[in-house]
Amino acid sequence: MADWQQELEAVVGAQHVLTHPNLLRAYSQDGYTLESAMPRAVVLPGSTEETQSVVRILARHGVPVVARGAGTSLSGGAIASQDSVILHFSRLNRIHQIDWTNRVTEVGPGVINADVSRALQPGGYFYAPDPSSQQACTIGGNFAENSGGPHCLKYGVTVNHVLMADVVLPNGEVRRFGNLAGDPDGPDWLGLLVGSEGTLGIATRLWLRMTPSPRASRTIAALFDSVAEASHAVSAVIAAGVIPAALEMMDRLAIFAVEKGAYPVGYPPDTAAVLLMEIDGEPLGVEAEAQQVLSLLEGFHVRQVKTAQSLEERNLWWANRKTAFGAMGLISPRYYVQDGVIPRHTLPIALDAIDSISAHYDIRIANVFHAGDGNLHPLLLYDDRDPREVSRVKRAGSEILRYCVELGGSITGEHGIGLEKLDEMRVQFSPEALLAHDAIKRVFDPAALFNPGKLLPTPGRCIDYDGPP
Amino acid sequence: MDTSQCVHCGLCLSACPTYAVTGLEVESPRGRLVLLNEWRQPEALHDPATAQWLDDCLDCRACESVCPAHVPTGHLVEQWRAQDRPTIPRNLTLMRGLGFFVGSTSGLRWFQRLSRWSRRPWGTRVARSVLARLPRTVGDLSHGLPQLSLQLSRETIGSDAPKPHSTVMFFVGCVMDAIYSESNRRTAELLRLAGYAVVTPSEQRCCGALHLHSGESQPVRIWAQENIRRFEESGADKVVVNAAGCGTTLKEYAALFAGEPQWEERARRFEDSVVDVTVLLAESMLPRVSPTGRVVTVHDACHHAHAQKIFREPRQLLARAGYTIHEMANSTQCCGSAGVYNLTHPDMSEALVAEKLASIPDGVTNVAAANPGCLLQIQAAARRSRRNVDVQHPVDLVWQAYHDAGYLPKQEVGTRG
């Protein structure tokens, strides 16, 4: 048993330091299945202080650390790179306080995203960022990845909703960043930490903004016979000045999968695209905007337009959309989801390009995307038992990202860089910019112990991982 | 069925009660699939710790409800239990006792007798000496017992002359038959009030659920064949069941006979005829009682909500009988009963039932639960923690409402504490 292991046991208790090989195997992956790595150990800290001690002990022994919430990362953010120890925050899962007057709720990093909104709902509030994995993913992970979601088109992403956080830094210090007023005092360090993917610090307590629930909402589903036509409709809605709460699209293959999934809506199988639009706010405004959208849609070849008739129907449509990734398991052994962003008006040509990449590499691709903000999620379907297909799927994915950058977009909208998009960072950023990133990392973590080998491509450093399982 | 359909999205984690209690990936459905996969590797480590993580699965199927890729994790763990029985730590006395008690009508009578004695001062000694080698939770559970009848329900319900298109065979179950015989009698009365002719074959057998969940599939095929024969002879168009756990098993009989076309076909016809009593009564022409102001909260048995997707019907039925429903949080989360799980996994089970009690809204004393395991588990925990809560089968609550409203005749209640 390593020295550090005994020291850790003294801090968190032996039952919370785990090294059983089968258990480590279960922790060797997250939602990104193209890579895996066995952690050296899994530690479950029970408080900020315990986290601090654990980080100090491991730092003293030069053992790297990876924080994990629910392990739903789609870019390998929670994979134990470089022989690290996983800190699993499932025990810090309490909502500590709901301050209705100041509209702030104080939570542990292991609290499930959807549970925050569930707790706020009786008072007429919700927590706005709603990643599709919200029924399982945690606030700590959302902080690390600056997670978005369908409704972030209108409400903003995680960085706009975390007011303050206690963060354990790689040197073992605990610092409080941000303030409850929500306006940075001095440089916006909190803004830097949110989305740093656990490479600069680990949040152990978070204060979240409570957003008043809209008093009314309308959800509209428009079914199209052509993806291009649906894309033009998206542009028209945004150009008309309507800011829907959410504006989502799925293509034929994606529809096929979700209709076989846990929440079938009954979209006809030959539908080429479904556009899901939600408008929310004050009742009269919602009514007017919904009418505006409906009349805009009349200018396009729409097969069918439906408005959700009940909350149940609305929730079903969203559950159907939000389980799209998992539903890929019904039509393929594995999927690899891309997260490129493009300027909205280039949607039709980008989709054409994805089509030809699909044909060229002989990889089936389903498309699910946040059409409103141009965030694409092509789902590349593959079989992990076929090494040649795995290699083709990686190349196809990379080519899609490169094309997004070419169109003036970026390589990630919300899933993060993680292990997955390290190479593409060089496409997105100049060598000078990457050096600047590296300089920031060194200020926080000179020994490179926090989530090593993620987010920031480091030239000259070898990264050694197991292949796909 | 295999584990490869899992794409590792992790959406199941929050649905899994054992993950909520332990916070460990290996106690989540996704983690268990990794363990199952490891288990099959040629050089796998088949140690007690791994077996325990797998065997901790409640088989509540909450993960199957939320899995976008329909991975049948509960079934896969059940299969593993059946194949790897020797490696699972188990209480042999418990499994033998179970086989004896539910295996025959006379076993059931003994079960009823022992349960009745366990509630008397002198009987506690007798019961204890018999139960001494059983897990400690057996004693805890006896606090949850209702007033016990002297007869099995199947001996008192009787059979009506069949009516065309509205004859049902009443599947009386084991625990329902012996412990909740009163609920069974009321079930029959409500079915008759709703216009059905009720046939109750006395030779019907245990559905086999408890054995299947524990990986003991041996006797179940024989029981299933007998139940199928009884149904075919009964002249009924439907098999009505009021225990969520039994209903699920009865609806999965065909899988027991995979590869035997003749029996598979008969089992399929049987399966298709099985209907839960709350579903049948909710669709029936039972009269509407105006709201009485009585408040009830509903605990959804796993094998209602997750395995059979029954959620609305018990509520519709209670509302029609005049009840106001005050929902509890996480009503579909397992109470920790899970077949014989509360006997085999006392610690996990206690953690879960404590959560269940905490989620019963303040001031609500009526809890409806449509499964005998849940009834016993929640009632026992409530009595132990001195919480004033009355856990009843929805049928009992509905029967009471129709009785009070004068729709049902006064009944001689043959119970003895």
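What follows draws every value from the coordinates through simple rules; no lab data is involved. Since the structure is predicted, the reported quantities are computational estimates derived from the model, not experimental observations. For neighbour counting, all protein chains shown are included, and Cβ atoms are generated from backbone atoms with ideal geometry for every residue, glycine included.
Against the longest principal axis of chain A, how steep is helix A:431-444, in degrees 0 to 90 to the nearest 10, with axes from Cα atoms?
Tilt of helix A:431-444: around 50 degrees.
To the nearest 20 debye, what charge dipole does chain A have about its Cα centre, counting +1 at the Cβ of each Lys and Arg and -1 at the Cβ of each Asp and Glu? Write down the numbers at each step before the final one.
Numbers: 38 positive and 53 negative charges, 105 e Å.
Magnitude of the dipole: close to 500 debye.
What ranking, highest mean first, results for peptides B:270-276, B:169-175 when packing means the other Cβ atoms within 10 Å averaged over each residue?
Top of the packing list down: B:169-175, B:270-276.
Assign unit charges at the C-beta atoms only (+1 for Lys and Arg, -1 for Asp and Glu), then state the dipole size of the protein assembly as shown relative to its Cα centre in Debye, rounded to the nearest 20.
Result for the protein assembly as shown is approximately 3160 debye, rounded to the nearest 20.
Averaged across A:333-340, how many Cβ atoms of other chains sit within 10 Å of each residue's Cβ atom?
If you average over the peptide's residues, the count of other-chain Cβ atoms is 2.
Strictly over 26 Å apart at the Cα level, which of A:LYS260/B:LYS356; B:LYS238/B:LYS309; A:LYS322/A:LYS394; A:LYS154/A:LYS322; A:LYS154/A:LYS454; A:LYS306/B:LYS251 would you flag in this model? Before the final figure, lay out each step's value.
Values: A:LYS260/B:LYS356 33 Å; B:LYS238/B:LYS309 19 Å; A:LYS322/A:LYS394 24 Å; A:LYS154/A:LYS322 18 Å; A:LYS154/A:LYS454 30 Å; A:LYS306/B:LYS251 36 Å.
From the list (A:LYS260/B:LYS356; B:LYS238/B:LYS309; A:LYS322/A:LYS394; A:LYS154/A:LYS322; A:LYS154/A:LYS454; A:LYS306/B:LYS251), the Cα-Cα distance tops 26 Å for A:LYS260/B:LYS356; A:LYS154/A:LYS454; A:LYS306/B:LYS251.
Compute the angle between helix A:347-361 and the longest alpha-carbon principal axis of chain A, please, reported from 0 to 90 degrees and rounded to the nearest 10.
On a 0 to 90 degree scale, this one is about 70.
Could you please state, rounded to a whole Å, how far the C-alpha centre of the range A:217-261 is from the C-alpha centre of the range A:327-393?
One Cα centre to the other: 17 Å.
Under 5 Å between amide hydrogens, which residues at least 5 positions from B:ASP390 or on another chain qualify, with H placed 1.01 Å from N in the peptide plane?
For B:ASP390, whose amide H was placed from the backbone, the distant partners under 5 Å are B:ASN366, B:VAL367.
Farthest toward the dipole's positive end in the protein assembly as shown, which of B:SER118, B:PHE171, B:SER290, given Cβ charges of +1 (Lys, Arg) and -1 (Asp, Glu) about the Cα centre?
B:SER118
Over the range A:95-212, what relative contact order in percent results from Cα pairs under 8 Å that are six or more residues apart?
On the way: 242 pairs, mean separation 37.2, N = 118.
Once normalised by length, the contact order is 32 percent.
For B:ARG268, B:ARG109, what's the fewest-to-most ordering of other Cβ within 10 Å of each Cβ?
B:ARG268, B:ARG109
Taking H as built 1.01 Å from N, whose amide H comes closer than 5 Å to the amide H of A:HIS377, not counting residues under 5 places away?
Here the answer is A:VAL368, A:PHE369, A:HIS370, since their amide H atoms fall under 5 Å of that of A:HIS377.
Rounded to the nearest 20 debye, what is the charge dipole size of the range A:292-404 about its Cα centre when +1 sits on each Lys and Arg Cβ and -1 on each Asp and Glu Cβ?
120 debye
Residues of B:37-46, mean number of Cβ from any other protein chain within 10 Å of their own Cβ, rounded to a whole number?
2
Taking the 0 to 90 degree range and rounding to the nearest ten, how far is the long axis of helix A:387-406 tilted relative to the main principal axis of chain A, both from C-alpha atoms?
For A:387-406 against chain A, the angle is about 70 degrees.
Name the residue farthest towards the positive end of the dipole of chain B from the options B:ILE360, B:PRO29, B:ALA380, assuming +1 on Cβ of Lys and Arg, -1 on Cβ of Asp and Glu, about the Cα centre.
Value computed over the given set: B:ALA380.
Give the average, rounded to an integer, of partner chain Cβ atoms located within 10 angstrom of each Cβ in A:316-326.
For peptide A:316-326, the averaged partner shielding equals 3.
Is the shape of chain B rounded, prolate or oblate, going by the alpha carbon gyration tensor and its root eigenvalues a ≥ b ≥ c, with a/c under 1.5 for rounded and a/b larger than b/c for prolate?
rounded
Projecting each Cα onto the charge dipole of the protein assembly as shown (Lys/Arg +1, Asp/Glu -1 at the beta carbon, about the Cα centre), which of B:ALA161, A:ALA2, A:SER430 comes out farthest on the positive side?
With unit charges placed on the Cβ atoms, the residue in question is B:ALA161.
Given points 7 Å out from each Cα along the Cα-Cβ axis, report the B:SER106 to B:GLU155 separation in nanometres with one decimal.
Output for this residue pair reads 1.4 nm.
Projected area of the protein assembly as shown, taken from the Cα convex hull and averaged over every viewing direction, in nm²?
Projected area, direction-averaged: 38.6 nm².
Quick check on packing: order A:53-59, B:100-106, B:222-228 by the mean number of other C-beta atoms within 10 Å, highest mean leading.
Numbers: A:53-59: 21.7, B:100-106: 16.6, B:222-228: 19.0.
So the order, starting with the most tightly packed, is A:53-59, B:222-228, B:100-106.
Considering only DSSP beta bridges with both partners in chain A, what is the antiparallel share in %, to the nearest 5?
90 percent
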